[in-house]
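Everything below concerns the one structure shown next.
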Amino acid sequence: MPDGNNHGTNNGSADSTRKGTTSLREGVTDRRSLLQAASVVGGLSLAGCINNLGGGGGGGNSIKIGSPLPRSGPFASYGRNFVNAINLAVTHAREEGDAGDREIEVEFADTEGDPDRGRQAAQELINNGADVLSGNYSSAVALSIGELAQRRGLIYQCVGGSNAITGSDCRPYVFNTGNSAVQQSVTMPYLLNERGGESVFILYSDYAWAQSYMQWNRDNTVPNNGGEVVGTQAVPLGTNDWSQPVTNARESGADHIHFAVTGTDLVRGVNQAFEFGLQEESIVSAAAATLSDVKAIGIDIMSNENFYPGGTSWYWEHSAPAAQEFSAAYRDEYDTVPLNFSASHYAGTRTLLRAIGEVGSTDPDDLRSELEGKELYPQLWGVGEKYRECDHRTSIATMIVQAKQGLSQQNIDNGDVYTILDYPEDPESVMRTCEETGCQMD
Amino acid sequence: MIPLSMVGGLPLQISTGNLLTQLLNGIALGMILVLIAFGLSIIFGLMGVVNFAHGEFLLVGTYMALTVFTMTGSFLAALVVAPIVVAVLGAAVERFTLRPIYDRDILLQLLLTFGLAEIIRELVMVIWGRTGTAFPTPSWAARTLDFGLFTYPMYRIFVIIVGAVIVAAVYIFLTRTDTGLIIRGATADREMVNALGIDVEKTFLLVFAIGSAIAGIAGALIGPLRSAYPTLGVDLIIPAFVVVVIGGLGSLRGSILAGLLIGELMVMTGVVYSPMSNVIIFVFMALVLLVRPRGLFGREVVE
């Protein structure tokens, strides 16, 4: 079952209700089934009451995690992987007593990858009694849910590369377990130093994260590594036909064509760039290609020596012991490999649950103090990563990757595709300083 | 701050080679839109059915083509098999779901085709998987052609040519052959054609199968350009509806012209100010409808 244990329990209760009503309908004369049905119905409504009491209370004996994730829309394939990660975090937290002897419950809601819909999903979860929020994919969604969580007084664990989340729009109750656009800007420096060339053309999706990433590369990382951004083009999210932007990039004659684009947009963009032969004159790279993107980009492009899928915030073959353990558990349970942000959501959720265990409540102010400066558990990056106190961004290390030598279709189907070329041992060295973030928390 | 390329990309400063490439990009995109809109337009124009499942017919075409291409290694075989499979699917949909409700409220047709779209998409995901899959360009077309001033991907040229041939063939079939005459006659006056001893039900089945087959070909042709993924049909159907509306509901000539026009409009808007390139078609549709509510070639009243 891909949706894991939460789904399972839901199904269970639905089945027992159905059984109850059927026996009611079939014969009320049968006293035993009537009693059975009554007890099932009674039990359900009682459980409902307990839930409602627990919700929002915080100090109670159960914790409810509300998890807004993209289960449909352009990021749906990521969403399914994250659902698994959060379910696994909850299972492991129960086994290891992360939050003491409290019951841990999780409810999911669909953000569709859209900020407005995401806020509605989070609102539903809060109304249903969520004590803390954990999960998202895009930066725009993180910003919109973050605002709501702050206003409603809940801690929110998210990912999202936009510098605003942990900069100009940082919030006391929002903690970001993903890498920022600055931390992600490791690909262009690596390529400029290892493959040479100077001129860079950046094609970027027209939304929060990609704008941040493009600007940081244009103004900092590229010039600091002897390069120059000779052109950029914003491409609307959801663009199908990339012939125009790709032609524009080719016309620039740049040594490097860099895509600050993700998901199906990246797949189409890169495919069409190769169709127009950009790889013949330039090195084509992406900011970050996830494993599901890689499958759709296909083996021919992936194994081209002039293509780099970019940096990934984490890769399941990472050698850190905790990473190996997490990957093995995830693959055992779900028969697929965890995506990069699944590691973030797993570690973020468990760290949050441990913080709840330590402070003994879900009070947002107590949790905030506990989480600030707290090392993530488990250490999936193995670099002492923690939530920085000043901006609530984790100091995780972005890994620069390339396709494995002799990549096969079977490798791609199994998500066994990358060689980690490099990653910073001291992740804080590639983060903005606290002053640079511009984050002001009360 | 305005990114450099937006200023540098203004038509006045564009090189001839680049301008020709962008014009060709517009034609290639336009031809894809024409192919999708053409099937929709035939089914609507001749049968009065708005087929919301058209995008999913196309999706089945893409995945069928990918399967055949992977199995046989021949893209041309894929290009033949995909439309046949989709035509059979379309015929089955017409025979078993649409036919019983022709005389009922039009709302039922909309709900039916909308529901079918969901079902077909789910089935595609069950059969071929939920995540996208690469659709390689056939090796004979995976190169760029040198036109002197500029180079252009051979596969896109192939799409333009095949698209033009199919549109022309179907257009001639409908306007110049006896069967085409019967089809158009059946649309204009169903009872009269029936009275002449012609099986109208069979005619409608044929029309729906032809429209579906075109969706199948479009799906196969689009595969190498966009790769295969479950929401491909949904992504393409909205611009296709815009094309049909701008061209004039039910007008085949209108669909062809509007498709090419919108292709150029999207690409050229991208050249000047790219963040607008996806929105522009809706702005254009609104303007056309304000000035000419029935679209470019629409009839005054659509029955």
Legend entry - Residue count for segment B:258-303, restricted to those that are among the charged types (D, E, K, R) and at pLDDT below 85: 3
Inset, instruction - Read through the list (1) over 30 Å from A:Thr264 (Cα atoms); (2) open to solvent by 10 Å² or more (accessible area, probe 1.4 Å); (3) in contact with an Asp or Glu (Cβ under 9 Å, 6 or more places away or on another chain), then give the number of the only condition that A:Arg119 fails. - result: (1)
Inset, instruction - Would you check if there is a residue in segment B:45-54 being buried (at least 24 other Cβ atoms within 10 Å of the Cβ), touching a His at 6+ places or on another chain (Cβ under 7 Å) and assigned to a helix (DSSP H, G or I)? - result: no
Inset, instruction - Looking only at segment A:424-442, count how many residues are under 18 Å from A:Ile400 (Cβ atoms), open to solvent by 60 Å² or more (accessible area, probe 1.4 Å) and of a type outside the set (S, T, N, Q). - result: 3
Inset, instruction - Determine the pairs where a residue that is within 15 Å of A:Ser344 (Cα to Cα) and within 13 Å of chain B (Cβ to nearest Cβ), located within segment A:298-318, has a partner that is open to solvent by 10 Å² or more (accessible area, probe 1.4 Å) and of a type outside the set (Val, Ile, Thr) with Cβ atoms under 6 Å apart, the partner being 6 or more residues away or on another chain. - result: none
Legend entry - Qualifying residues in segment B:77-92 (those that are of a type outside the set (Gly, Ala, Ser) and touching a residue at least 12 places away in the same chain (Cβ under 8 Å)) - the one surrounded by the most Cβ atoms within 10 Å (Cβ to Cβ): B:Val86
Legend entry - Qualifying position, being away from chain A (no Cβ under 14 Å) and closer than 25 Å to B:Tyr63 by Cβ, among B:Ala228, B:Ala240, B:Ala215, B:Ala258: B:Ala215
Legend entry - In segment A:189-231, the residues that are of a type in the set (Ser, Thr, Tyr) and modelled with pLDDT of 95 or more: A:Ser199, A:Tyr204
Inset, instruction - Considering every residue within segment A:272-284, establish whether at least one is touching a residue at least 40 places away in the same chain (Cβ under 8 Å) and surrounded by 24 or more Cβ atoms within 10 Å (Cβ to Cβ). - result: no
Legend entry - Single residue of segment A:392-414 satisfying the filter (assigned to a loop (DSSP other than H, G, I, E, B) and open to solvent by 10 Å² or more (accessible area, probe 1.4 Å)) that is nearest to A:Ser292 (Cα to Cα): A:Asn414
Inset, instruction - For residues that are surrounded by fewer than 24 Cβ atoms within 10 Å (Cβ to Cβ) and either at pLDDT 95 or above or in a loop (DSSP other than H, G, I, E, B) (or both), tally how many sit in segment A:127-142. - result: 3
Inset, instruction - Just give me the residues in segment A:364-377 being surrounded by fewer than 20 Cβ atoms within 10 Å (Cβ to Cβ) and assigned to a loop (DSSP other than H, G, I, E, B), in sequence order. - result: A:Glu372, A:Gly373, A:Lys374, A:Tyr377
Legend entry - Residues that are touching a Gly at 6+ places or on another chain (Cβ under 9 Å) and either open to solvent by 10 Å² or more (accessible area, probe 1.4 Å) or among the charged types (D, E, K, R) (or both), drawn from segment A:245-271: A:Asn248, A:Arg250, A:Glu251, A:Ser252, A:Asp255, A:Thr264, A:Asp265, A:Asn271
Legend entry - Single residue of segment A:285-297 satisfying the filter (out of contact with any Pro (no Cβ under 8 Å at 6 or more places or on another chain) and within 7 Å of chain B (Cβ to nearest Cβ)) that is least open to solvent (accessible area, probe 1.4 Å): A:Ala296
Inset, instruction - Of all residues in segment B:261-284, count the ones that are farther than 24 Å from B:Val159 by Cβ and away from every other protein chain (no Cβ under 13 Å). - result: 1
Legend entry - Residue check for A:Glu389: in a helix (DSSP H, G or I) and open to solvent by 20 Å² or more (accessible area, probe 1.4 Å): no
Inset, instruction - Filter segment B:125-158 down to residues that are within 19 Å of B:Thr16 (Cβ to Cβ), open to solvent by 40 Å² or more (accessible area, probe 1.4 Å) and not in a strand (DSSP E or B) and give me whichever is farthest from the other protein chains (Cβ to nearest Cβ). - result: B:Gly148
Inset, instruction - Scan segment A:344-363 and give yes if some residue there is modelled with pLDDT under 95, of a type in the set (A, V, I, L, M) and buried (at least 17 other Cβ atoms within 10 Å of the Cβ), otherwise no. - result: no
Legend entry - helices (runs of 4 or more DSSP H) enclosed by segment B:177-262 - at least 3 residues per element that are open to solvent by 40 Å² or more (accessible area, probe 1.4 Å), free of Cβ contacts under 8 Å to residues at least 24 places away in the same chain and touching a Lys or Arg at 6+ places or on another chain (Cβ under 9 Å): none
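The values are calculated or read from the model by the stated rules, or taken from the named source; none is laboratory data. Computed from a predicted model, the values in this text were never measured in an experiment. Here the Cβ is made from the backbone with ideal geometry for all residues, glycine too, and neighbour counts use every protein chain on show. The protein model used for the area step is the full one, side chains on, heavy atoms only, and it has no ligands, DNA or RNA in it. Shrake-Rupley method; radii C 1.70, N 1.55, O 1.52, S 1.80 Å.
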